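Visitor: Below you'll find the structure I mean.
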Amino acid sequence: MKLRRNLLPLLLTMSFLIALILTSISPAFALSENYTLSSPGVRDLPDPKGIFFPPTNGYTVLSFPRVADNEVGAFGTVFLRVIAGCLKDGDIVSFRLPDGLVWSKSGMEDTPMTNSDWAKVSDNYNNAYGQMDGNYILVPQAYGDDNALDNVDLEVTMLSEREIRVQIIGEPSSEYNAYLYIFPKHVWVEEGYSGRVNLIAEAPPSSGFPSDTIAIGDVNFNGGRVSVSVTSVDTFRDNDEITLRVTEVSAGCLNPRSESLKLKLPSGFAWSNVNRIQTIWGDSDFVKNGITINIDEDELIMDVSGESESATNIEFKVTINVDNRVFARPGVVVVKVSGASSVSPSRLWVGEYNPYDLNGDESTDILDLLLLNQLLNDAPVGDNEKADVNYDGKIDILDLLTVAQNIY
């Protein structure tokens, strides 16, 4: 009997829904088939299996780290491949860092390397030029086949504190491709430098080395030495467990103070159940003994004592709860990020609140309308409280219309 009694409100709501669909159909078809939506700040990352080396001469960056200013940083390793027969005795190429960065001597900060620091170091398999605990160039004996540079020497000369020149001494084999790695692992970054770091490879037209601009990392990207991110963004109705990551650009970036980091939810939401704090990489003792995470309703606070001995990446799980449905606004849930540490971003998208998903399948559709129709005129108490989507103290056709307006 109840289903028949509620049939008219449901039919009215369905008519309203059809009208909505008809008025919105044109804009929907106007979207390009390539149009996609993604979370702000989220970038599509390449599959490591998709990394390939160019079929002709070229440079490939094997990593793209973020480093801090006013200290020594390790940038991404650069791999160079030159096809057989291109290189010859005397060919040169220079590698230049941006202004404000220095090829720094191992164990020092802003002290530039000298020519003697780039001397050849060999073992039974590979030749290296530079300081193995700092900046160096590695020539592997083979890379699949033999390496054309294995039977020659390289002369590395400091042209300035930020530029080196590499010259071939001897005749490379014309039968094999040539390979080398550049390891900029001890580069001084002056205070105040910020942004993309490009390594400029420059060779004269007569040289077989390629010229290129190679992005090897970022300095203080978005202005913070500590970054906070969420591993996935989900839609939820009552609560959602999320995974947060806190990453230091370099050792000691998490300021050893109370409220080193603070994440504040918008009105109507509250944190609970911090668990499974783990070290992804870095100083695990620091994470175990120096980090405490506390919750004060809508604030998640990280207190830090001591400093990490190496750049550290921390991951932990925490739950977002709908604490007050009247004040909790449907849509994207963005937390404010602050604290004593230099942190980015200042706002972080952590989830999407959808109070119209009555059956909990993470979408609002006809099934939610059908469920709500069964609850019409019931008292909004207990499990039925969720059906009063407009919070007017009753479950009626206005709730059906509200859900219908939010079907997607």
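Only the coordinates and a few stated rules stand behind these numbers; no lab work does. As the structure is a prediction and not an experimental result, all values here were calculated from the model. Quick reminder, even Gly has a Cβ in these numbers, built from the backbone with ideal geometry, and neighbours come from all protein chains shown.
Visitor: Starting from the exponent 0.38 and prefactor 2.2 Å, build the expected Rg for the range 235-317 from its residue count and divide its actual Cα Rg by it.
Guide: Numbers: Rg = 13.3 Å, N = 83, 2.2 N^0.38 = 11.8 Å.
The range 235-317 yields a ratio of 1.12.
Visitor: Percent antiparallel among DSSP beta bridges with both residues in the range 56-221, to the nearest 5?
Guide: 95 percent
Visitor: Within 15 Å, Cβ to Cβ, of THR312, how many net charges do the neighbouring residues add up to if Lys/Arg are +1 and Asp/Glu are -1? Don't skip to the answer; put the middle values down first.
Guide: Details: positive: ARG66, ARG225, ARG245, LYS288; negative: GLU248, ASP283, ASP285, GLU307, GLU309, GLU315.
So the surrounding residues net to -2.
Visitor: Tell me the net charge near PRO112. Cut-off is 11 Å between Cβ atoms, PRO112 excluded, with +1 for each Lys or Arg and -1 for each Asp or Glu.
Guide: -3
Visitor: Hey, another quick one. Do any GluC sites (Glu not before Pro) in the range 274-356 lie in a DSSP loop with no more than 13 other beta carbon atoms within 10 Å, and if so, which?
Guide: Values: sites: GLU297, GLU299, GLU307, GLU309, GLU315, GLU352; in loops: GLU297, GLU307, GLU309.
When the GluC sites (Glu not before Pro) of the range 274-356 are filtered for loop state and at most 13 Cβ neighbours within 10 Å, GLU297, GLU309 remain.
Visitor: Using amide H atoms built 1.01 Å from N in the peptide plane, name the residues 5+ places from VAL333, or on other chains, whose amide H lies under 5 Å from its own.
Guide: Result for VAL333 returns VAL350, GLY351, GLU352, TYR353.
Visitor: Counting DSSP beta bridges in the range 224-353, what percent are antiparallel, to the nearest 5?
Guide: Bridges in the range 224-353 are about 90 percent antiparallel.
Visitor: Please give me, ordered by residue number, the chymotrypsin sites (Phe, Trp or Tyr not before Pro) of the range 84-167 that lie in loop per DSSP and have at most 13 other Cβ atoms within 10 Å. Could you put the intermediate results ahead of the total?
Guide: On the way: sites: PHE95, TRP103, TRP118, TYR125, TYR129, TYR136, TYR143; in loops: TYR125.
Taking the range 84-167 and a limit of 13 other Cβ atoms within 10 Å, the loop chymotrypsin sites (Phe, Trp or Tyr not before Pro) found are TYR125.
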